[in-house]
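No value in this document is a laboratory result; all are computed from the given coordinates. Source: prediction; values computed, not measured. Cβ placement follows ideal geometry from the backbone for every residue including glycine, while neighbour counts extend to all protein chains displayed.
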Amino acid sequence: MPLLNILKYPDPFLKTKAEQVNVVDDAVKALIKNMIETMYAERGIGLAATQVGSSKRVIVLDVPDPVNKETESAMEGKERGSQRGKNLVAFVNPVIASLSGETTYEEGCLSVPGVTADVDRAATIKVKALDREGNPFELTADGLFAIALQHEIDHLDGILFIDRLSRLKRSLLIRRYKKIMQEKEHAL
Ligand code: NI
């Protein structure tokens, strides 16, 4: 199964708006499969089709359950990947039907590697979508799942988490990002 190339900021394709999927056909199913493999290979908790150069409204997520201190120490030494697939879900044509509350979380993105920033989001959201078989479903998400879902749906509208920051914070972060990318290039 081929891994997909993840576009990195400032690739202009990341600013494009993805299009509705009319039929969940074999091509869409293959895209979903490859996106899941790519997400795991890159150790991400979510991935949007826009990030892999596809303009289909498709996202995949596998957000780990929150760990409290006790289970965390019990899991010590074990691979965190053991949870892999537990919360795996694909959304085709996801639409946020309602949002409520507020939360702030330090987000990162596979398309903007090396930097993170606090982003304000809704705390709870209701999402309607089609599943991998093309069947409609809806779910209510909160916690990190809700945050990641909003982050991925933003990608489908050409919005990166850095676009959610104030101008000042954004320009500081981009400057840091460019420096990191430059150092990376020199290291190779
Ligand atoms: Ni992202």
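The overall shape of the stretch 129-188 is prolate: from the C-alpha gyration tensor, with semi-axes ordered a ≥ b ≥ c, the ratio a/c is 1.5 or greater and a/b exceeds b/c.
Quick one: work out the % antiparallel among DSSP beta bridges in the chain, nearest 5.
Here the antiparallel bridges make up roughly 95 percent for the chain.
Rounded to the nearest 20, the Cβ-based charge dipole of the chain about its Cα centre (Lys and Arg +1, Asp and Glu -1) stands at 600 debye.
Highest-first packing order for the peptide set 112-119, 173-180, 125-132 is 125-132, 112-119, 173-180, based on the mean count of other beta carbon atoms within 10 Å. Based on C-alpha pairs under 8 angstrom that are at least 6 apart in sequence, the chain has a relative contact order of 23 percent. Could you pull out every one of the lysines with an alpha carbon less than 18 Å from that of Lys179, ignoring same-chain neighbours closer than 8 positions? Of all the lysines, those that pass the test against Lys179 - Cα under 18 Å, at least 8 places apart if same chain - are Lys8, Lys169.
For His155, neighbours were defined as the other residues whose beta-carbon sits under 15 Å from its Cβ, and their charges (Lys and Arg +1, Asp and Glu -1) total -1.
Working note: 222 nm ellipticity from helices only, DSSP H runs with n ≥ 4, each -39,500 (n - 2.57), summed and divided by the residues of the chain, gives -10000 deg cm²/dmol to the nearest 500. Please work out whether the stretch 86-184 counts as rounded, prolate or oblate from its C-alpha gyration tensor, where a ≥ b ≥ c are the square roots of the eigenvalues and a/c under 1.5 means rounded, while otherwise a/b larger than b/c means prolate and anything else oblate? It comes out prolate by the Cα gyration axes. For the chain, the gyration tensor built on C-alpha atoms gives a rounded shape. Its axis ratio a/c (a ≥ b ≥ c) stays under 1.5. Panel order for Asp62, Asp120, by other beta carbons found within 10 Å of each beta carbon, from fewest to most: Asp120, Asp62.
Which net charge results when you count Lys and Arg as +1 and Asp and Glu as -1 among the other residues whose beta-carbon is under 9 Å from that of Glu19? Present the calculation step by step, with values, prior to reporting the outcome.
On the way: positive: Lys17, Lys56, Arg57; negative: none.
Taking every other residue near Glu19 into account, the sum is +3.
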